[in-house]
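Asker: Have a look at this one before I ask anything.
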Amino acid sequence: MSCSYRRVGGSPFFIFLWYFRSDISRVDPLAFKIGEKLTPFLGAASPWEGILIRPTKSGNTSSQQALSWARDKIHHCQTQHKSCGSEFASQLPARVLDVRNIKLGEAQQDGCIRLYSPEKEVAPYVCLSHCWGTNQPLRTIRDNVDEFHHSISWMTLPKTFQDAVLVTAELGIHYLWIDSLCIVQDDENDWRVESAKMASIYQGSVVTLAASASVDSAGGLFYNCSSQFSIFGIRRPVNHRELLGDDKVDESSTLLTRAWVFQERLLAPRFLHFGSQELILECAEETACECSDANIETLAPKRKLKHAKAMTSLKGDGVIRYWRQMVHEYSKLNLSFPTDRLPALAGLARQMAGIRSDRYLAGLWEDSFLQDLLWSRHGGPIIPYEESYKPENALKKFDRRTYTITDSKRGAPTWSWARLRGPVDFRHSKLLPSSKGVCCSLIEAKCVNDGADIFGRVLSGYIRLHGTLVPVTYEIELTSHIVDIDFPNPERVQDTKHLIKNKQSGGVSEVDLDYVLHEGFPSLYFLPVVFSAEAKSGLVLRKYEGFDKVFERVGVVIYAESIASEDDLRENITFTII
């Protein structure tokens, strides 16, 4: 801070000037005008001359200034960005909200919106991405779907839905798609059919409105942050990372912690964030903010830009690595229903199939299947094995002829990362189909989907492999290490190592468990998958007693140098993992 002293008409006064070097581009025109008026007192070499002027930020995301900015940015993207698609209209989804009767600037009356079922009609439409929250928003169900086609009461709409309707009308667009209203929520068949269209619904929209600063549907889209401006026109800097997130899950933006939103954000041609401080528009070529921060490309992650580039430029091994990266990022996000683990990624899987041209199997791809089997839980097991599902009940539904379990509560098979809750990763991400040392082979793979969508929910599945099974036991080893050298009483922390031990040779390796197991867990085997100088890794399987060569996965060994040897690989059998 600098202070200048002048005497005017015999009366002294002080002028205080604030200089924010790290935020110099955020001084608004008002400050520049004040600086011009101060120049006669400060002299010709005024420091104000060195301040760059940026466009003003509205301070209110519902203002005409903010919405005009959004309208201009969307139009610029549609007309100038080749990667974003220039289509101004697409075929409408099976149901949309008709908002043509909305009267802007007036109190909305009942009957101004309704549910509309078009017949292969082509028109521009908008989507909404929002958090449902703990209280369910207004939903379309079988009992009210006919009523909603006639009229939806304005007062029954939660604040976020009302705001989305108003923005859609401000953009001059007649139709809005909201998941809870445009899918019949208590009709499993309708949900199955419409959720399978998620990719095309978001891809076909003009823009997706994101309630990025709201924790539920009552929070609304709009925020008034005009109090962030001082009388000199200098405003506080905008925290773009707080809204857009980063490589870690950012809890401050509730919307971006939701798994369904992951694909909504990447598939939509334009994703308009309604934040607590300003608007931000993401597309395949640009991330633009209302404050016009020139550094937003470095301050905020380029997640959407990276995805657009990957879908057009990656080939071969690069595609395999990118899918693994997406799964890792996606698996860290939250789901209300664990059975949505695959459906919430189905749109991106369908898009990936367009460039991968390979068979999709419960979150894995056949061309890199054996290497992809080596996924591991990121952060350790959180669910005891006995609580994962009741094995004895599942086996009652086991079909010995087809090797499938027809149990809708079971979900994905144990060899799929989608079987587990919580984050997963591919620690051997460099292992590819071209890698040497693969020591088992895939004979057959089958998934039983819940409906016709091969990218959606999986009821069960199996794989038949040909390889070596090494009998092992599971042990727990307690150790400790010093974390604070403070003599004479150094602080020690206890470590727990999870180990498997070769029953014959006694070799031991650490295991990453899928579930919490008790020591001495029965009928365990180690399956070497890759065994070379580059990597020695494999799966830990549990044999189903009373069934011939039928197993389930319970863990993975990433570094298996000690658990198996070349001699162990000489005997191979064919077996099934479900």
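The values are calculated or read from the model by the stated rules, or taken from the named source; none is laboratory data. As the structure is a prediction and not an experimental result, all values here were calculated from the model. A quick note on method: Cβ atoms are made from the backbone with ideal geometry, for glycine too, and the neighbour counts reach across all protein chains shown. Heads up: the accessible areas ignore ligands, DNA and RNA and are worked out on the full protein's heavy atoms, side chains in. Shrake-Rupley method; radii C 1.70, N 1.55, O 1.52, S 1.80 Å.
Asker: Condition check: β-branched (Val, Ile, Thr) and either touching a Cys at 6+ places or on another chain (Cβ under 8 Å) or open to solvent by 60 Å² or more (accessible area, probe 1.4 Å) (or both). Does Val540 satisfy that?
Answerer: So Val540 does not fit the description; no.
Asker: Another question about this same structure. Mind checking which residues of segment 442-468 are over 27 Å from Ala346 (Cα atoms) and either open to solvent by 30 Å² or more (accessible area, probe 1.4 Å) or free of Cβ contacts under 8 Å to residues at least 24 places away in the same chain (or both)?
Answerer: Answer for segment 442-468, where residues must be over 27 Å from Ala346 (Cα atoms) and either open to solvent by 30 Å² or more (accessible area, probe 1.4 Å) or free of Cβ contacts under 8 Å to residues at least 24 places away in the same chain (or both): just His466.
Asker: Of all residues being over 14 Å from His150 (Cβ atoms), open to solvent by less than 60 Å² (accessible area, probe 1.4 Å) and not small (Gly, Ala, Ser) in segment 112-126, which is nearest to the chain's Cα centre (by Cα)? Just the residue, please.
Answerer: For segment 112-126, the residue satisfying everything is Val126.
Asker: One residue is enough: does segment 495-504 have a residue meeting the conditions at pLDDT below 85, in a strand (DSSP E or B) and over 23 Å from Leu370 (Cα atoms)?
Answerer: Yes, that holds for at least one residue.
Asker: Just name the residue that is most open to solvent (accessible area, probe 1.4 Å) out of those in segment 543-564 that are over 24 Å from Lys436 (Cα atoms) and among the aromatic types (Phe, Trp, Tyr).
Answerer: Phe547
Asker: Go through (1) modelled with pLDDT under 70; (2) open to solvent by less than 90 Å² (accessible area, probe 1.4 Å) for Leu52 and report which single condition fails.
Answerer: Of (1) modelled with pLDDT under 70; (2) open to solvent by less than 90 Å² (accessible area, probe 1.4 Å), only one is false for Leu52: (2).
Asker: Further, regarding this structure: For the subset of segment 354-377 comprising residues that are among the aliphatic types (A, V, I, L, M) and open to solvent by 10 Å² or more (accessible area, probe 1.4 Å), which member is farthest from Ser331 (Cα to Cα)? I'd like the intermediate steps shown before the answer.
Answerer: Taking segment 354-377 first, the residues among the aliphatic types (A, V, I, L, M) are 355, 361-362, 364, 370, 373-374.
Still in the running and open to solvent by 10 Å² or more (accessible area, probe 1.4 Å): 355, 370.
Values: Ile355: 22, Leu370: 20 Å.
By that ranking, first place goes to Ile355.
Asker: What are the residues in segment 531-545 that are in contact with a Leu (Cβ under 8 Å, 6 or more places away or on another chain) and not charged (D, E, K, R), if any?
Answerer: Phe531, Ala535, Ser537, Gly538, Leu539, Val540, Leu541, Tyr544
Asker: If we only count helices (runs of 4 or more DSSP H) wholly inside segment 155-203, which ones have 2 or more residues that are open to solvent by less than 10 Å² (accessible area, probe 1.4 Å) and more than 18 Å from Ser117 (Cβ to Cβ)?
Answerer: So the answer is 159-170.
Asker: Could you tell me how many of the residues in segment 515-530 are in contact with a Leu (Cβ under 7 Å, 6 or more places away or on another chain) and open to solvent by 20 Å² or more (accessible area, probe 1.4 Å)?
Answerer: 1
Asker: So, one more: Say whether the condition of being surrounded by 17 or more Cβ atoms within 10 Å (Cβ to Cβ), part of a loop (DSSP other than H, G, I, E, B) and at pLDDT 95 or above is met by at least one residue in segment 420-436.
Answerer: Taking every residue of segment 420-436 in turn, none turns out to be surrounded by 17 or more Cβ atoms within 10 Å (Cβ to Cβ), part of a loop (DSSP other than H, G, I, E, B) and at pLDDT 95 or above.
Asker: Sticking with this one: Can you tell me which residue is farthest from Gly379 (Cα to Cα) among those in segment 522-549 that are over 34 Å from the mean Cα position of the chain (by Cα) and modelled with pLDDT of 90 or more? Break it down stepwise before answering.
Answerer: Filtering segment 522-549 for residues over 34 Å from the mean Cα position of the chain (by Cα) gives 522-525, 532-533, 543-549.
Subset that is modelled with pLDDT of 90 or more: 523-525, 543, 549.
On the way: Ser523: 25, Leu524: 22, Tyr525: 23, Lys543: 26, Lys549: 31 Å.
Across segment 522-549, the extreme among qualifying residues is Lys549.
Asker: Pull out all pairs, ordered by first then second residue, where Cβ-Cβ is under 9 Å, the residues are six or more apart or on different chains, the first lies in segment 255-281 and is over 20 Å from Ser217 (Cβ atoms), and the second is in a strand (DSSP E or B) and acidic (Asp, Glu).
Answerer: Short answer, once both residue conditions are applied: Arg270/Glu282.
Asker: Hey, another quick one. Has segment 133-152 got at least one residue that is part of a loop (DSSP other than H, G, I, E, B) and under 14 Å from Thr208 (Cα atoms)?
Answerer: Here is the first cut: in segment 133-152, the residues part of a loop (DSSP other than H, G, I, E, B) are 133-144, 151.
With the extra rule that they be under 14 Å from Thr208 (Cα atoms), the set shrinks to none.
Checked against the condition, which is being part of a loop (DSSP other than H, G, I, E, B) and under 14 Å from Thr208 (Cα atoms), segment 133-152 yields no hits at all.
Residue by residue, here is whether (1) assigned to a helix (DSSP H, G or I); (2) touching a Leu at 6+ places or on another chain (Cβ under 8 Å); (3) surrounded by 14 or more Cβ atoms within 10 Å (Cβ to Cβ); (4) modelled with pLDDT under 80 holds:
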site	(1), (2), (3), (4)
Thr56	no, yes, yes, yes
Ser62	no, yes, yes, no
Asp72	yes, no, no, no
Cys77	yes, yes, yes, no
Ser83	yes, no, yes, no
Ile102	no, yes, yes, no
Ala107	no, no, no, yes
Asp110	no, no, no, yes
Cys131	no, yes, yes, no
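Asker: Return only the number of the condition from (1) buried (at least 18 other Cβ atoms within 10 Å of the Cβ); (2) free of Cβ contacts under 8 Å to residues at least 40 places away in the same chain; (3) in a helix (DSSP H, G or I) that Asp567 does not satisfy.
Answerer: Asp567 satisfies every listed condition except (1).
Asker: State whether the residues of segment 219-234 include one that is among the small types (Gly, Ala, Ser), at pLDDT 55 or above and closer than 29 Å to Ser83 by Cβ.
Answerer: no
Asker: To continue, here is another question. Only one of these conditions is not met by Asp512: (1) open to solvent by 10 Å² or more (accessible area, probe 1.4 Å); (2) modelled with pLDDT of 90 or more; (3) under 16 Å from Glu566 (Cβ atoms). Which number is it?
Answerer: Single failed check for Asp512: (3).
Asker: Hey, does segment 474-494 have a residue that's surrounded by 22 or more Cβ atoms within 10 Å (Cβ to Cβ), at pLDDT 90 or above and part of a strand (DSSP E or B)?
Answerer: no
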